[in-house]
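Worksheet: the structure to be examined is printed underneath.
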Amino acid sequence: MSNALSDAHVHALTTRIEADETLTITPMAVETDRGLVLVDVGPAGSVGALEVHLEGIGYDLADVWLVVLTHHDADHAGGLAELLDHTDAIVATHREEAPYVRGERDPIKSEGDRYLPVDVDLELADGVRVPTLAGPMVVVETPGHAPGHVSLYFPESEVLLAGDALVADGDVPLEGPKPEYTLDMDRAIESVGDLAALEIDGVVCYHGGYAEAGTERLAELYATLEE
Ligand SMILES: [Zn+2]
């Protein structure tokens with residue numbers, strides 16, 4: 001890959017899922033000195049594809065020691081229970097997302113149709129840092145798409161894993177959150193503003209994958225969305 005990810009120990013596990021409609025998702029695997037951090041999992045039934053991807057980079061499911069969920073939506077967290085049949089990973093998400101993952105509340109966007117709940121071991125907050133082979137991975141609170149949505153930022157490589165705070169599946173390299181899927185658009189726009197304050201050289205969106213776009217594009221997006 002000839003982009004900011006190429007030698008960063010940060011791997012995009014882009015997968016096409018054939019469901020009611022075709023869905024392309026991008027869970028991320030980040031190498032650390034004790035194995036892998038997985039950022040988002042995928043919907044129920046996607047763990048087989050995940051396993052194939054991990055084998056491709058020399059790992060298996062049992063090497064995942066930490067799963068970070070950007071938020072609780074089923075297309076990100078639905079496969080987590082199945083993954084945990086294969087590894088003893090710690091599960092981390094923002095405290096506002098945890099009740100949905102744990103099954104104390106139904107997922108906001110699929111009420112009554114919930115995925116298998118799992119325990120959350122660690123509740124994330126702004127500024128939490130996880131040491132990785134790509135340098136620290138820093139939690140950035142980016143609420144709006146979901147109440148406790150988080151993005152992950154690598155200051156050394158200036159790469160941002162945006163989750164669903166940004167989208168890259170349109171005609172332009174990087175777009176703001178999609179209003180039809182966003183719970184609180186005003187907060188989501190403020191989150192884009194917060195991200196635009198970081199030094200960013202490349203962005204990975206869960207929907208759309210890697211975008212060759214940085215701080216300048218984010219500032220431009222924020223200015224447009226704010227109007
Ligand atoms: Zn999503």
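The values are calculated or read from the model by the stated rules, or taken from the named source; none is laboratory data. Not measured: the values here are computed from a predicted model. Note that each Cβ is placed from the backbone with ideal geometry, even for glycine, and that neighbours are counted across all protein chains shown. With ligands, DNA and RNA removed, areas are computed over all heavy atoms of the protein, side chains included. Shrake-Rupley method; radii C 1.70, N 1.55, O 1.52, S 1.80 Å.
HN-Hα J couplings of the range 74-86 from phi, Karplus 6.51/-1.76/1.60, θ = phi - 60°, integer Hz, Gly and Pro as x?
4, 6, 9, 10, x, x, 5, 4, 5, 4, 6, 6, 10
Can you tell me how much longer the chain between residue 86 and residue 105 gets when fully stretched, taken as 0.36 nm per residue apart minus their C-alpha distance, in nm with one decimal?
Length gained, residue 86 through residue 105: 4.3 nm.
Could you work out the pair-distance distribution P(r) of the range 10-226 from its alpha-carbon pairs, with 5 angstrom bin width and percents rounded to whole numbers?
Distribution as computed: 1, 8, 16, 21, 22, 17, 10, 4, 0 percent.
Quick one: divide the alpha-carbon radius of gyration of the range 1-126 by 2.2 N^0.38 Å and tell me what you get.
The reported ratio for this selection is 1.02.
Can you give me the accessible area per residue for the range 10-226, using a 1.4 Å probe, in Å²?
43 Å²
Which percent, to the nearest 5, of DSSP beta bridges fully inside the chain are antiparallel?
Within the chain, antiparallel bridges account for around 65 percent of the total.
What number comes out for the charge environment of residue 168, summing +1 per Lys or Arg and -1 per Asp or Glu over other residues with Cβ under 14 Å away?
Summing Lys and Arg as +1 and Asp and Glu as -1 gives -3.
When the Karplus curve 6.51 cos²θ - 1.76 cosθ + 1.60 is applied with θ = phi - 60°, which whole-Hz ³J(HN,Hα) does each residue of the range 135-147 get, with x for Gly and Pro?
Calculated HN-Hα couplings, in order: x, x, 9, 10, 6, 10, 5, 9, x, x, 4, 9, x Hz.
Considering the alpha-carbon set of the range 123-225 alone, what are its Rg and its Dmax in angstrom?
When restricted to Cα atoms, the range 123-225 yields Rg and Dmax of 12.5, 37 Å.
If you take the Cα Rg of the range 76-167 and divide it by 2.2 N^0.38 Å, with N the number of residues, what do you get?
For the range 76-167, the normalised Cα radius of gyration is 1.13.
Tally Lys/Arg at +1 and Asp/Glu at -1 over every other residue whose Cβ is under 9 Å from the Cβ of residue 70; what's the total?
-4
Dipole size in debye (nearest 20) for the chain around its Cα centre, Lys and Arg Cβ +1, Asp and Glu Cβ -1?
Once rounded to the nearest 20, the dipole reads 300 debye.
Where does the chain land at 222 nm, in deg cm²/dmol rounded to the nearest 500, when only DSSP H runs of n ≥ 4 count, each adding -39500 (n - 2.57), divided by all residues?
-5500 deg cm²/dmol
For residue 181 and residue 116 in one chain, what is 0.36 nm times their gap in residues minus the Cα-Cα distance, to one decimal in nm?
Full extension of this stretch gives 21.2 nm more.
To the nearest 20 debye, what charge dipole does the range 86-176 have about its Cα centre, counting +1 at the Cβ of each Lys and Arg and -1 at the Cβ of each Asp and Glu?
About 180 debye.
Multiplying the sequence separation of residue 44 and residue 60 by 0.36 nm and subtracting their Cα-Cα distance, what value in nm do you get?
3.9 nm
Rounded to the nearest percent, how much of the accessible area of the range 10-226 (1.4 Å probe, protein heavy atoms only) is carbon and sulfur?
Here carbon and sulfur together make up 46 percent of the probe-accessible area.
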